[in-house]
Amino acid sequence: MCIRFLSNVAHFPDCARPLVQIASFMIRYGDVVTDEMRRMRIARRSRGFEARGVRHWGVLAKSAGALFIRSYERGERVHLAMVSRGCSGSMPVIDEVTASPAEWRYALALPLSALVVCLSGWTL
């Protein structure tokens, strides 16, 4: 759902399209990077490493650098794969569906009522 929102936001003229694409990929591949970080932590622990002080910061910095390089290379491979499959950088629009004003009022009813309750509770 968040990816669909970001792809729809990219159609606004004020929004920078590359920033929206970066954010959508960051959301998409956040779990992949987190899993990679977890695997690296398990590998360090299996070798008997425990960060206890300042003198271990070098090892942690090298791990962070390796994670950055791995993530960058993975992103480059994904980008090249998408370009080779004809990705243009924007989501295809199958049919133009717009919401009516009544649907917008219905969708905003709950958040606005929650805002009213929150503000009334805050002032009491």
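Which condition number in (1) under 23 Å from MET26 (Cβ atoms); (2) of a type in the set (A, V, I, L, M); (3) modelled with pLDDT of 85 or more; (4) touching a helix residue (DSSP H, G or I) at 6+ places or on another chain (Cβ under 8 Å) is the one that LEU60 fails?
The single condition LEU60 does not satisfy is (4).
Does region 83-97 contain any residue that is exposed (fewer than 10 other Cβ atoms within 10 Å of the Cβ), under 30 Å from PRO18 (Cα atoms) and aliphatic (A, V, I, L, M)?
Yes, some residue in region 83-97 is exposed (fewer than 10 other Cβ atoms within 10 Å of the Cβ), under 30 Å from PRO18 (Cα atoms) and aliphatic (A, V, I, L, M).
Exactly one condition in (1) more than 29 Å from ARG41 (Cβ to Cβ); (2) open to solvent by 100 Å² or more (accessible area, probe 1.4 Å) is not met by HIS79; state its number.
If we test HIS79 against (1) more than 29 Å from ARG41 (Cβ to Cβ); (2) open to solvent by 100 Å² or more (accessible area, probe 1.4 Å), just (1) comes out false.
Of the residues GLU50, GLU36, which is modelled with pLDDT of 70 or more, touching a helix residue (DSSP H, G or I) at 6+ places or on another chain (Cβ under 9 Å) and surrounded by fewer than 12 Cβ atoms within 10 Å (Cβ to Cβ)?
GLU50
Determine which member of the set TRP122, TRP57 is surrounded by fewer than 10 Cβ atoms within 10 Å (Cβ to Cβ), part of a helix (DSSP H, G or I), out of contact with any strand residue (DSSP E or B) (no Cβ under 9 Å at 6 or more places or on another chain) and not polar (S, T, N, Q).
TRP122
From (1) modelled with pLDDT of 90 or more; (2) of a type in the set (Ser, Thr, Tyr); (3) in contact with an Asp or Glu (Cβ under 8 Å, 6 or more places away or on another chain), pick out the condition that doesn't hold for SER84.
The one condition SER84 does not meet is (3).
Give me a count of the residues in region 60-116 that are among the acidic types (Asp, Glu) and either over 20 Å from the mean Cα position of the chain (by Cα) or part of a loop (DSSP other than H, G, I, E, B) (or both).
Residues in region 60-116 being among the acidic types (Asp, Glu) and either over 20 Å from the mean Cα position of the chain (by Cα) or part of a loop (DSSP other than H, G, I, E, B) (or both): 3 in total.
The values are calculated or read from the model by the stated rules, or taken from the named source; none is laboratory data. Predicted, not measured: the structure shown is a model, and the values here were computed from it. Positions of Cβ are backbone-derived with ideal geometry, glycine not excepted, and every protein chain shown enters the neighbour counts. Each accessible area value is taken on the protein alone, full model and side chains, heavy atoms only, with ligands, DNA and RNA left out. Shrake-Rupley method; radii C 1.70, N 1.55, O 1.52, S 1.80 Å.
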